[in-house]
Each structure stands twice: as C-alpha cells, then as structure tokens.
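Visitor: Provided herewith is a single structure, encoded as structure tokens, for subsequent inquiry.
The values are calculated or read from the model by the stated rules, or taken from the named source; none is laboratory data. What you are looking at is a predicted structure, and each value in this text was computed from that prediction instead of being measured. Don't worry about glycine lacking a Cβ; one is built from the backbone with ideal geometry, like all the others, and counts go over all protein chains shown. All accessible areas refer to the heavy atoms of the entire protein, side chains included, with ligands and DNA or RNA removed. Shrake-Rupley method; radii C 1.70, N 1.55, O 1.52, S 1.80 Å.
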Amino acid sequence: TCSITLYWTGSKDGWATVYGWVSTRKCHMQDYTRAMYEQNMLHEPLGSITSPDDVKPYVYTMTRASVEHVVVIPLDAAGHVLGVEEISKGSCMNSICDIPSLFRHIYGNHAYDTSVSFILAHNHPSGQSNPSTEDIEMTRKVKKASDTMGLPMLDHMIFGRYGESYSIARSYPEIFAA
C-alpha cells in the first residue's frame, strides 16, 4: 500500500513521486489515488482526459500485468480524473466485468460524488490490444447500463502489453452515439 503525508509530483508514465516527512518513495498512481482519497488529502484532480491517448498514464502498470484487469476511471464535468478503481481481476485470458459492481465502485465512493462520466479500461495480457467479440459485447452492455443510470461511459480502452492501445469509441462510434 501507499502512505501519503504531504504532496506529490506527477509524471506522464503514471508514477507519482510522493514526498513524506522522512523519506521519498514511489508508488503507482492507482495506489496513490486510493490512499489520497482514504486520507481525504486529494483536493485537486489528478489531470484531464481530453482524448483516448490521455488514459494510458493512469493504467500504465496494468499493461504489464500477466492477468487481465478491468478498471473504471471516473471523471468530473471538466474531464478531470477523480481516481482509478479496479473492478475485477481475471486470468491470463479473460476477466469478468460485473456491471452492478462497476456502478457500486463509482456511486459508493464519496470521492467520486462529482463524477459525471467514466472510462472503462482493461488490459490484454496476450499483448494484443484489438478487442475480442466479448469485449465489444461487454462494451454494449455497460454503455446501455450507463445510459440508464445517467452516468455516460465515454470510452472503453484496451491496452496491450507493449504500449499500444485501442479505443472502442473511436472504432465503434455507433455504440457511443446518443
């Protein structure tokens, strides 16, 4: 876990340098964000998402994982990242995205009270970022649920092992059409 005492400086690679009273150490942004919210120390957003390319720093370590991880990235009205929450962790071939669990992660966390949209992201441990048929179907289901809940899903990003990414919103705009 990550322990925070003062402040941080961010970087594009998804790592935050955390300064404490006694020492400096590094922890991944997802752990850092969770620790900040738990300690009520996060007063400013982590950064903005203006395009699919802006998502990678928030999920960087996930791209190197040997099993599939699914995360949700809640955003405020200005597109600022409010955090990164892991929804599920699966095998080297797949992971299950439980739709009710996804919304519990967003609505059940007081730190995300200002969220007005979110981005879903997961990795492919195989290294390929192209979506499977199951990925497209999951995107359709989550998008439909998000529209019903009034919390728009802006994109579903898939990350390969070697840095490549795939935006389902860019490639399948019909799923995200209003």
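Visitor: Report residue 126's accessible area, 1.4 Å probe, all protein chains in place, as a number in Å² to the nearest 10.
Guide: Near enough 90 Å² of accessible area.
Visitor: Largest first, how would 174, 137, 86 line up by accessible area (1.4 Å probe)?
Guide: Of 174, 137, 86, the descending order of accessible area is 174, 137, 86.
Visitor: Still on this model: Less than 9 Å Cβ to Cβ from residue 153, Lys/Arg counted +1 and Asp/Glu -1: what total charge do the surrounding residues give?
Guide: -1
Visitor: To continue, here is another question. If you take the beta carbon distance between residue 77 and residue 164 as r and set R0 to 30 Å, what does 1/(1 + (r/R0)^6) give as a FRET efficiency, to the nearest 0.05?
Guide: Efficiency computed from Cβ-Cβ geometry: 0.50.
Visitor: With the cut-off at 1.5 for a/c, could you classify segment 91-174 from its C-alpha gyration tensor as rounded, prolate or oblate?
Guide: Judged from the Cα gyration tensor, segment 91-174 comes out prolate (a/c at least 1.5, a/b above b/c).
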